[in-house]
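The values are calculated or read from the model by the stated rules, or taken from the named source; none is laboratory data. Owing to the predicted nature of the structure, the values given are computational and were not obtained by experimental measurement. Cβ coordinates were reconstructed from backbone atoms using ideal geometry, including for glycine residues, and neighbour counts include every protein chain displayed. For the accessible areas, the whole protein counts, side chains as well, though only heavy atoms, and no ligand, DNA or RNA atoms are used. Shrake-Rupley method; radii C 1.70, N 1.55, O 1.52, S 1.80 Å.
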Amino acid sequence: MAHMETIRLNNTGSAVEDVQQRLVVVGLLDESDVDGVFGPSTASAVRAFCAQSGLPSGDEVDDKVWAALVDATYRLGDRTLYLRLPHFHGRDVLDLQQALGALGFSCGNDDGIFGAHTEDALRRFQLNMGLPSDGIAGAYTYACIRNLHHSWEGKGTIKLPVNLGFARAANVLESRSLCLFGTDGFTRSVASRMSNLALATNPASRIVSAEALSVLPSEDMLLVHIVLPGEESAEGTPRVAYGGEGSLARRLDSALSRATVAQTSRIAIELPGSTWEDAGEDRSAQHYAITLLDALCAALS
């Protein structure tokens with residue numbers, strides 16, 4: 001990835017103005033100083049930001065300072081958040097953690113990093129509010145949190161023991177080698193997202209997508225073919241229909257057992273389609289990835 005050009009004293013232009021606007025947002029520069037000229041007041045604000053953020057002392061904006069400044073200026077609702085690798089991080093994640101914690105859904109440490117504990121707390125909050133429990137912080141979830149602002153704004157996080165549901169028992173992810181794959185763009189996306197979620201939870205996960213493998217799947221790997229309705233799977237392959245999320249883990253367990261007894265090296269999981277409810281393709285793929293990984297972990301445990 002190309003490095004940005006360092007912004008320093010006496011530089012001018014839109015990039016300087018962008019830096020100044022962000023320094024205003026974090027409370028280190030006065031709005032009246034936003035003029036597109038990197039002068040002494042801007043340099044002083046950059047030094048203060050570096051000290052505040054644990055960055056090396058300096059008054060120049062390089063890649064690291066810029067990335068930290070961007071993270072610090074995200075606000076709750078600015079972007080859709082979900083568990084991925086690399087993790088989302090920033091002020092908006094911290095705001096979400098603090099809101100959830102104050103509402104009684106502990107995220108563990110309020111560290112501004114959207115990890116498995118935060119995703120689990122978000123899913124429990126969504127379930128409690130009657131929202132789709134998909135672990136994705138999007139428009140409906142943010143609207144619900146904002147409607148409850150009187151219950152969490154200015155209040156401390158409730159510290160409770162954290163229990164992981166989605167992942168997902170981290171040790172389960174190491175218990176069996178699975179290679180996930182799809183044969184069209186959508187199912188490949190689901191497989192890749194499942195792999196990323198597993199690795200984000202446990203870097204030693206043996207549940208990976210075919211695209212993440214640099215070599216052919218090993219003989220002990222079970223192939224998990226994710227398909228759409230009408231799509232063929234290998235003859236004799238146990239095939240599990242997605243429908244009925246509540247019983248999906250049990251049906252997957254049966255398919256895994258059949259595959260073991262029959263000494264076949266694969267199972268197939270048929271999604272109901274490439275759209276979940278009225279969500280777009282990316283959100284639908286993420287929802288299916290989360291629920292499938294959940295069910296696989298439950299089946300393997």
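Worth a mention:
- Here Ile158 passes the criteria (1) within 29 Å of Gln126 (Cα to Cα); (2) modelled with pLDDT of 80 or more; (3) surrounded by fewer than 17 Cβ atoms within 10 Å (Cβ to Cβ) except the one numbered (2).
- The one condition from (1) open to solvent by less than 10 Å² (accessible area, probe 1.4 Å); (2) modelled with pLDDT of 90 or more that Ala139 does not meet is (1).
- Scanning region 74-107 for residues that are open to solvent by less than 20 Å² (accessible area, probe 1.4 Å), touching a residue at least 24 places away in the same chain (Cβ under 8 Å), in a helix (DSSP H, G or I) and not aliphatic (A, V, I, L, M) returns Gln97, Gly101.
- Leading residue by the ranking (nearest to the chain's Cα centre (by Cα)) among those in region 50-65 that are outside any loop (DSSP other than H, G, I, E, B) and in contact (Cβ under 8 Å) with a residue 24 or more places away in the chain: Asp63
- Lone qualifier among Ala210, Ala241 - being without any contact (Cβ under 8 Å) to a residue 60 or more places away in the chain, touching a strand residue (DSSP E or B) at 6+ places or on another chain (Cβ under 9 Å) and surrounded by 18 or more Cβ atoms within 10 Å (Cβ to Cβ): Ala210
- Glu281 passes every criterion in (1) farther than 14 Å from Arg188 by Cα; (2) open to solvent by 20 Å² or more (accessible area, probe 1.4 Å); (3) touching a residue at least 24 places away in the same chain (Cβ under 8 Å) apart from (1).
- Scan region 247-301 for residues that are at positive phi and in contact with a Ser or Thr (Cβ under 9 Å, 6 or more places away or on another chain) and the total you get is 2.
- Close pairs from region 115-127: first touching a residue at least 60 places away in the same chain (Cβ under 8 Å), partner in a helix (DSSP H, G or I) and not basic (Lys, Arg), Cβ under 6 Å, at least 6 apart: Ala116/Thr201
- The number of residues in region 118-131 that are surrounded by fewer than 19 Cβ atoms within 10 Å (Cβ to Cβ) and either small (Gly, Ala, Ser) or at pLDDT 85 or above (or both) comes to 1.
- Restricting region 174-207 to residues that are small (Gly, Ala, Ser) and in a loop (DSSP other than H, G, I, E, B), the residue that is surrounded by the most Cβ atoms within 10 Å (Cβ to Cβ): Ser205
Here is a yes/no grid of residues against (1) more than 24 Å from Ala116 (Cα to Cα); (2) more than 21 Å from the chain's Cα centre (by Cα):
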residue: Ser209; (1), (2): no, no
residue: Val215; (1), (2): yes, yes
residue: Asp220; (1), (2): yes, yes
residue: Leu223; (1), (2): yes, yes
residue: Leu228; (1), (2): yes, yes
residue: Ser233; (1), (2): yes, yes
residue: Pro238; (1), (2): yes, yes
residue: Tyr242; (1), (2): no, yes
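- Counted residues, region 15-49 - those being open to solvent by less than 10 Å² (accessible area, probe 1.4 Å) and part of a helix (DSSP H, G or I): 9
- Only one entry of Ala15, Ala68 meets the criterion of being touching a residue at least 12 places away in the same chain (Cβ under 8 Å) and aliphatic (A, V, I, L, M), and that entry is Ala68.
- Filter pass, Ala68 being open to solvent by less than 40 Å² (accessible area, probe 1.4 Å), among the aliphatic types (A, V, I, L, M) and at pLDDT below 90: no
- Residue match in region 244-261 (condition: assigned to a loop (DSSP other than H, G, I, E, B) and open to solvent by 50 Å² or more (accessible area, probe 1.4 Å)): no
- Considering the conditions (1) open to solvent by less than 10 Å² (accessible area, probe 1.4 Å); (2) out of contact with any strand residue (DSSP E or B) (no Cβ under 6 Å at 6 or more places or on another chain), Asp110 is excluded by exactly one of them, (1).
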